[in-house]
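Structure record follows, encoded as structure tokens.
The values are calculated or read from the model by the stated rules, or taken from the named source; none is laboratory data. None of the values given here were measured: they were computed from a predicted structure. Here the Cβ is made from the backbone with ideal geometry for all residues, glycine too, and neighbour counts use every protein chain on show. Surface accessibility is based on the protein's heavy atoms, side chains included, excluding ligands, DNA and RNA. Shrake-Rupley method; radii C 1.70, N 1.55, O 1.52, S 1.80 Å.
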Amino acid sequence: MLVGKFKRIFAHPLLAALPLLLLFTAGCGSKPQDVTNDPAFGNFVSVVGGWKTKVPLRLVDIEQKLYLVYGDQALSGRELLLLPAGTEIRIEHLIFRSTFETDFLDVMGSLVAGPYSGKSVHVDSRLFTLVDLPLYPGSKGTPEQYYSTWHDPSNPKPNWIAAPDKLVR
């Protein structure tokens, strides 16, 4: 008898679409937050500012977002520039966003000179020293990985430190 009532309710197209409408209007995650000065995410403010790279970087466009990438891993994007060692960059913000699956942190910055200067770019978190990942003893990851995926408030907060072999003030 109860099944029959559900069939009648969801037989109407508008009522059948209501659960999907609620899902799409609620969204799959929270609005991105600037957590640059939030001590819950460590001392990120200590790395904000101008830096010179000691290693080459690539500027890549992935789905109309710019990324500064270290290393030669393959990406599903369009490479725009190869930036030589000595390129000046600015590290500006730490952005937190949460989805139903996990939390994400994005280190945001910009190039100081050139055709893409002043445009917001995602900065590769591998430009920072690796930290211990408490859930995986003996494993190391970027501070971004620690604070977005493995963050446990009971563990000490690792520092954000620019990797000395990759960045210099």
With the contact rule set at Cα under 8 Å and sequence spacing of 6 or more, what percent relative contact order holds for segment 58-169?
-> 20
Nonlocal amide H pairs with LEU66, under 5 Å, H built at 1.01 Å | HIS122
Would you check the accessible area of SER76, probe 1.4 Å, heavy atoms only, in square angstrom rounded to 10?
-> 110
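Leaving ligands and nucleic acids out of the surface, order HIS93, HIS122 by accessible area at 1.4 Å, largest first.
Numbers: HIS93 75, HIS122 30 Å².
Most to least solvent-accessible, the answer reads HIS93, HIS122.
How big is the Cα convex hull of segment 44-128 in projection, averaged over all directions, in nm²?
Details: hull surface 23.6 nm².
Quarter of the Cα hull surface area: 5.9 nm².
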ASN37 versus ASP72: modelled label distance in nm, points set 7 Å from Cα along the beta carbon direction | 4.3
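Computing the accessible area with a 1.4 Å probe over protein heavy atoms, can you report the carbon and sulfur percentage for segment 48-169? Display every interim value, and only then the final one.
Numbers: 3530 of 6640 Å².
For segment 48-169, the apolar C and S fraction of the accessible surface comes to 53 percent.
Work out, in µm²/s and without decimals, the Stokes-Einstein translational diffusion coefficient of segment 102-151 at 4 °C, 1.567 mPa s, Rh from Kirkwood over C-alpha pairs.
Working: Rh = 12.3 Å.
It diffuses with D of about 106 µm²/s by this estimate.
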Pop out the ³J(HN,Hα) list for segment 126-131 in order, Karplus 6.51 cos²θ - 1.76 cosθ + 1.60 with θ = phi - 60°, rounded to Hz; leave Gly and Pro as x.
-> 6, 7, 10, 5, 6, 10
Place a point 7 Å from the Cα of LYS119 in the direction of its beta carbon; the residues of segment 70-89 whose amide N falls under 11 Å from it are 80-81
